[in-house]
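The values are calculated or read from the model by the stated rules, or taken from the named source; none is laboratory data. Bear in mind that the values here come from a model prediction, so they are computed numbers and not experimental data. Glycine also receives a Cβ, built like all others from the backbone with ideal geometry; neighbour counts cover every protein chain displayed.
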Amino acid sequence: MADSSDAEPLSRQIRQHLASLKAAGVEWAPASATVPIKPAEPAPSAGPSSLFAEESLPRNTLDLDQRRQELTVLAQRVAGCMRCTELASTRTQTVFGVGSLLPDLCFVGEAPGAEEDARGEPFVGAAGQLLNRIISACGMKREDVYICNILRCRPPGNRTPLPDEAAHCREYLEQQLELVAPKFICCLGACASQNLLNTTQSISRMRGRFHDYRGIPVLCTFHPSYLLHNPAAKKDVWEDMKRLLSRMGKPIPAH
Ligand code: SF4
């Protein structure tokens, strides 16, 4: 019989896993969804981790149910991930991703903050409210897009993700993007832009033009949390959004 020191981590893992599935937008779950999470997997080496980093993604032919099922399995793996020792020991739960599983657009942010860590969903704090307003200004709803982060665990004190943490989580990001298969990606802030695109360029240099992630056009703009402290930069973000909407073939709402 398990003693109390064993029972608590197990129940925490199960709660964490179910919360991650919900945050992933998963309504369907396999029978195995409530079994204990697999033990920690070995971490990949640091640095660009994709074997296909320079190749285009194969066309995703999965239908909605297949995407949901594959994402369920991936969210289950993420919920039990212990690759980043510090993050895994301090998180409340993993924060997988949320939104449409057939999106035209995916926003990629940096990492969960305190509210995201508590609720298991990305961009639900003050920066998330601002992101919702940006999405709305673009004529879309939050449910129309997919939202995820470079990291799936909150760095203590909301510090910037470390390079090895981003490298550890890269596999999950790549698989998520492959399964969700957005037509366009918008990176929010320097951390997301630099990590997704494997570059050290500043966000100011990356703004204003399209980049490529495995055949998907990528636009980089400022993170909403930056805008909370620098509201004058909102006009720059709106210029970026107009550029993105134009490339997507969508109308640009009056602003
Ligand atoms: S940040 Fe990513 S790689 Fe690191 S422990 Fe969390 S899920 Fe695992």
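For the range 105-114, the criterion of being in contact with an Asp or Glu (Cβ under 7 Å, 6 or more places away or on another chain), at pLDDT 95 or above, β-branched (Val, Ile, Thr) and crowded, with 21+ Cβ neighbours inside 10 Å is satisfied by no residue at all.
Filtered by the rule that a residue be aliphatic (A, V, I, L, M) and in contact with a Pro (Cβ under 7 Å, 6 or more places away or on another chain), the range 151-165 gives a lone residue, Leu151. Does Gly157 meet the test of being out of contact with any strand residue (DSSP E or B) (no Cβ under 7 Å at 6 or more places or on another chain), part of a loop (DSSP other than H, G, I, E, B) and on the phi > 0 side of the Ramachandran plot? Taking the combined requirement at face value, the residue does not satisfy it.
Pick from Ser193, Ser89: which is surrounded by fewer than 22 Cβ atoms within 10 Å (Cβ to Cβ) and either in a helix (DSSP H, G or I) or modelled with pLDDT of 95 or more (or both)? Being surrounded by fewer than 22 Cβ atoms within 10 Å (Cβ to Cβ) and either in a helix (DSSP H, G or I) or modelled with pLDDT of 95 or more (or both) holds for just one of Ser193, Ser89, which is Ser89. Determine, yes or no, whether Glu121 is crowded, with 21+ Cβ neighbours inside 10 Å, at pLDDT 95 or above and either within 14 Å of the ligand (Cβ to nearest atom) or at negative phi (or both). So Glu121 fits the description; yes.
Could you say which residue among Leu173, Leu162 is closer than 20 Å to Val145 by Cβ and modelled with pLDDT of 95 or more?
Working: Leu162 fails: closer than 20 Å to Val145 by Cβ.
Answer to the check: Leu173.
Looking only at residues of the range 205-232 that are assigned to a helix (DSSP H, G or I) and over 23 Å from the mean Cα position of the chain (by Cα), we find that the one that is surrounded by the fewest Cβ atoms within 10 Å (Cβ to Cβ) is Ala232.
Quick check on this structure: which one of Glu165, Glu239, Glu171 is surrounded by 20 or more Cβ atoms within 10 Å (Cβ to Cβ) and acidic (Asp, Glu)? Please lay out each step first, then the result.
Working: Glu239 fails: surrounded by 20 or more Cβ atoms within 10 Å (Cβ to Cβ); Glu171 fails: surrounded by 20 or more Cβ atoms within 10 Å (Cβ to Cβ).
One residue alone meets the criteria, Glu165.
Would you check which residues across the range 150-193 are among the β-branched types (Val, Ile, Thr) and within 14 Å of the ligand (Cβ to nearest atom) and list them? Correct list: Ile150, Thr160. Looking across the range 134-162 at every residue that is closer than 24 Å to Gln66 by Cβ and of a type in the set (A, V, I, L, M, F, W, C), the one that is surrounded by the fewest Cβ atoms within 10 Å (Cβ to Cβ) is identified as Val145.
Each row is one residue, and each column tells you yes or no for (1) touching a residue at least 40 places away in the same chain (Cβ under 8 Å); (2) within 30 Å of Asp63 (Cβ to Cβ); (3) among the basic types (Lys, Arg).
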{"site": "Cys148", "(1), (2), (3)": "yes, yes, no"}
{"site": "Ser193", "(1), (2), (3)": "no, no, no"}
{"site": "Gly208", "(1), (2), (3)": "no, no, no"}
{"site": "Lys235", "(1), (2), (3)": "no, no, yes"}
